[in-house]
Amino acid sequence: MSLNHYLIVEARFYDDLADEMVQGAIEAIEANNATYERLSVPGALEIPAAMKFADVGTAKVYAGYIALGVVIRGETSHYDYVCGESARALQELAITHNMAVGNGILTVEDHEQAWARADRKRKNKGADAANAALRMAALKSEFKV
Ligand SMILES: Nc1c(NC[C@H](O)[C@H](O)[C@H](O)CO)[nH]c(=O)[nH]c1=O
Ligand SMILES: CC(=O)[C@@H](O)COP(=O)(O)O
């Protein structure tokens, strides 16, 4: 069983932003001498289910999971559901299923806010999500859950 292998689940709704966040996450993972795989889904709403599929459906064992995506408000209430449900489902995976999850799903008003957070030279939220998953995996190991 690999104790330092992580699954990045990336929403490709905005490819350019996703690429930047994934690179930030990869840099953080590799800085901690860990390894990773990537799994892409259409949008943020699909991230939690993809994580659950990977957790229960493969022989592979992942120390933790990193959710990466960007949700930008549109004209309707769909934004609220995508943001709220993806966050809620990630928390459910963490709390109910003891999965070490880092949530890097940006919930923003526009592309400017998105880039400020995705950009590795600015807020680098992809790295933050990876570091959160790494820390939660360490806690899982410490508490033997
Ligand atoms: N508007 C954004 C979405 N919407 C798509 C949903 O995430 C989902 O793929 C669709 O409802 C089909 O189930 N997704 C993002 O990641 N970012 C957005 O801004
Ligand atoms: C956050 C989204 O799902 C977004 O694409 C919805 O846009 P709209 O509310 O204009 O349909």
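The values are calculated or read from the model by the stated rules, or taken from the named source; none is laboratory data. Here the structure is a predicted model, which means the values were calculated and not measured. Backbone-built Cβ (ideal geometry, glycine too); neighbour counts: all protein chains shown. SASA here: full protein model, heavy atoms, side chains in, ligands and nucleic acids out. Shrake-Rupley method; radii C 1.70, N 1.55, O 1.52, S 1.80 Å.
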**Report entry** Subset tally (residues that are open to solvent by less than 70 Å² (accessible area, probe 1.4 Å) and charged (D, E, K, R)) for region 89-113
**Finding:** 1
Query raised in the report: Can you spot a residue in region 23-40 that is open to solvent by 40 Å² or more (accessible area, probe 1.4 Å) and within 13 Å of ligand 1 (Cβ to nearest atom)?
Result: yes
Query raised in the report: Considering region 7-25 alone, what residues qualify as being aliphatic (A, V, I, L, M), touching a residue at least 60 places away in the same chain (Cβ under 8 Å) and not in a strand (DSSP E or B)?
Result: L17, M21, V22, A25
Query raised in the report: When the residues of region 64-83 are filtered to those that are of a type in the set (F, W, Y) and over 28 Å from A138 (Cβ atoms), which remaining residue is most open to solvent (accessible area, probe 1.4 Å)?
Result: Y81
**Report entry** Failed item, numbered, when I66 is tested on (1) within 12 Å of ligand 1 (Cβ to nearest atom); (2) in a strand (DSSP E or B)
**Finding:** (1)
Query - Subset of region 114-128 (residues that are in a helix (DSSP H, G or I) and either of a type in the set (S, T, Y) or buried (at least 16 other Cβ atoms within 10 Å of the Cβ) (or both)) - result: A114, W115, R117, A118, K125, G126, A127, D128
Query raised in the report: Going by the structure shown, is S86 closer than 22 Å to L134 by Cα, of a type in the set (S, T, Y) and either open to solvent by 70 Å² or more (accessible area, probe 1.4 Å) or touching a Ser or Thr at 6+ places or on another chain (Cβ under 7 Å) (or both)?
Result: no
**Report entry** Qualifying residue in region 50-62 (condition: assigned to a loop (DSSP other than H, G, I, E, B), closer than 16 Å to E10 by Cβ and in contact with a Phe, Trp or Tyr (Cβ under 7 Å, 6 or more places away or on another chain))
**Finding:** yes
Query raised in the report: Considering region 62-76 alone, what residues qualify as being touching a strand residue (DSSP E or B) at 6+ places or on another chain (Cβ under 7 Å) and farther than 16 Å from I95 by Cα?
Result: Y62, L68, G69, V70, V71, I72
**Report entry** Test: R122 is touching a residue at least 24 places away in the same chain (Cβ under 8 Å) and of a type in the set (K, R)
**Finding:** no
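Residue-by-condition table, conditions (1) touching a strand residue (DSSP E or B) at 6+ places or on another chain (Cβ under 9 Å); (2) within 16 Å of ligand 1 (Cβ to nearest atom); (3) among the β-branched types (V, I, T):
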residue	(1), (2), (3)
A100	yes, no, no
V108	yes, yes, yes
A114	yes, yes, no
A127	yes, no, no
Report task. Kindly check whether there is at least one residue in region 132-141 that is open to solvent by 80 Å² or more (accessible area, probe 1.4 Å), out of contact with any Leu (no Cβ under 7 Å at 6 or more places or on another chain), more than 16 Å from ligand 1 (Cβ to nearest atom) and modelled with pLDDT under 95. Result -> no
